[in-house]
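The values are calculated or read from the model by the stated rules, or taken from the named source; none is laboratory data. All figures in this text were calculated on a predicted structure; none of them were measured in a lab. Every residue, glycine as well, gets a Cβ built from its backbone with ideal geometry; the counts of neighbours run over all protein chains shown.
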Amino acid sequence: MTIQWFPGHMLETENLLKKVISKVDAVLEILDARLPQASANPFVNKICKGKFRLKVLNKNDLADPEQTKLWLDYFETEKKVPAVSICGTQRSQTYAALNYCVSQINRNRARKLKVMVLGIPNTGKSTILNSLAGKKIAKTGNVPAITRHQQRTSLNNNIDIYDTPGILWPVIEPKQKAYILAASGAISDTAIDYTDIAFFAATLLIKKYPDLLMLRYPFLETLPEDEIMLIEKIGSAKGCLKKGGIVNLQKASEVLIRELRSGKIGKISFETPKDIEL
Ligand SMILES: Nc1nc2c(ncn2[C@@H]2O[C@H](COP(=O)(O)OP(=O)(O)OP(=O)(O)O)[C@@H](O)[C@H]2O)c(=O)[nH]1
Ligand SMILES: [Mg+2]
């Protein structure tokens, strides 16, 4: 399975970025802390060559803290690239990331510094911009592709910050990466079968986070043997039923994915640095 979800504004954004990136002093590459590898767009690598770039693992409040630590270590020690983890709604944390970025640039203080926020959809770019500005300037939302145009904001400290639309790439493969991105909410839910995402998520939860699963769904009593059993049990317990009492897998899948994305099941990471080494 491959996923293709590349709305027109993403291509427009790529073309714009190719033109304007040379005028920018530094880039905040916003990744999702739950999927720091899958949420890295190779296009960002390509256009940011030679430019200072800070990897910002956002939504760290939703990610498994142990894994986030491993990821930061992986980027800094193995890849030798600067990385921080933040919660995009916490101003002290977004400022810490920006200040770190600014401290790494040879700065002519008379000139305004241009910092660009880049990343795939739904990683929290506009939320971070709003947090830095201290007011709601950019529209945000829990579905991908909310921002459709580049937006500049002047901060008090002689810095201009640029929010950009989230961009993916035309064909997303392998399958594992597509599922991880879909489970996080980076790809439109119309581009992929909901039950497929839920099967992927259920498998991950049974294997890696069985304790969180049992805590969130005490009606399970014992750990389900497989992903279908888990989704069926959630469906029965939450009343996601069709005529005749059969579980409506689509509805049950929606419940699981919603709870996973919102953090209700717990702090969960979808991939670990070890997955890369495999
Ligand atoms: N829990 C949590 N939610 C966050 C965080 N940062 C952003 N969000 C939420 O994530 C969703 C997406 O945020 P946006 O700021 O719209 O994401 P974006 O990267 O600008 O998305 P596009 O414009 O579609 O590319 C919103 O529901 C935000 O409230 C965070 O650090 N933690
Ligand atoms: Mg946005």
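If you filter the range 83-133 down to residues that are surrounded by fewer than 20 Cβ atoms within 10 Å (Cβ to Cβ) and basic (K, R), you find that the one that is nearest to the chain's Cα centre (by Cα) is R91. Filtering the range 215-235 to residues that are part of a helix (DSSP H, G or I) and loosely packed, with under 15 Cβ neighbours inside 10 Å leaves L215, P218, F219, M229.
Of the candidates L204, L230, the single residue that is touching a Phe, Trp or Tyr at 6+ places or on another chain (Cβ under 8 Å) and not small (G, A, S) is L204. Restricting attention to the range 154-177, the residues that are at pLDDT 95 or above and either within 14 Å of ligand 1 (Cβ to nearest atom) or closer than 12 Å to Q4 by Cα (or both) total 8.
Among the conditions (1) buried (at least 17 other Cβ atoms within 10 Å of the Cβ); (2) outside the structural domain of V117 (by TED's automatic domain parsing); (3) within 22 Å of T13 (Cβ to Cβ), V171 misses just one, which is (1). In the condition set (1) over 25 Å from G185 (Cβ atoms); (2) within 16 Å of ligand 2 (Cβ to nearest atom), L118 is compliant with all but (1). Just one residue in the set K139, K55, K135 is free of Cβ contacts under 8 Å to residues at least 12 places away in the same chain and of a type outside the set (A, V, I, L, M, F, W, C); that residue is K135. Screening the range 1-81 for helices (runs of 4 or more DSSP H) wholly inside it with 2 or more residues that are within 16 Å of ligand 2 (Cβ to nearest atom) returns the ranges 8-20.
Candidates L230, L249, L212: the one that is of a type in the set (A, V, I, L, M, F, W, C), more than 19 Å from the chain's Cα centre (by Cα) and within 30 Å of A96 (Cβ to Cβ) is L212.
Can you pull out every residue in the range 121-156 that is within 12 Å of ligand 2 (Cβ to nearest atom), among the polar types (S, T, N, Q) and within 24 Å of K19 (Cα to Cα)? Those that are within 12 Å of ligand 2 (Cβ to nearest atom), among the polar types (S, T, N, Q) and within 24 Å of K19 (Cα to Cα): N122, T123, S126, T147, Q150, Q151. Among the numbered conditions (1) crowded, with 24+ Cβ neighbours inside 10 Å; (2) closer than 30 Å to N248 by Cα, the only one that L204 does not meet is (1).
Taken as a whole, the structure leaves T2 outside the set of residues that are under 26 Å from Y209 (Cα atoms), touching a strand residue (DSSP E or B) at 6+ places or on another chain (Cβ under 7 Å) and hydroxyl-bearing (S, T, Y).
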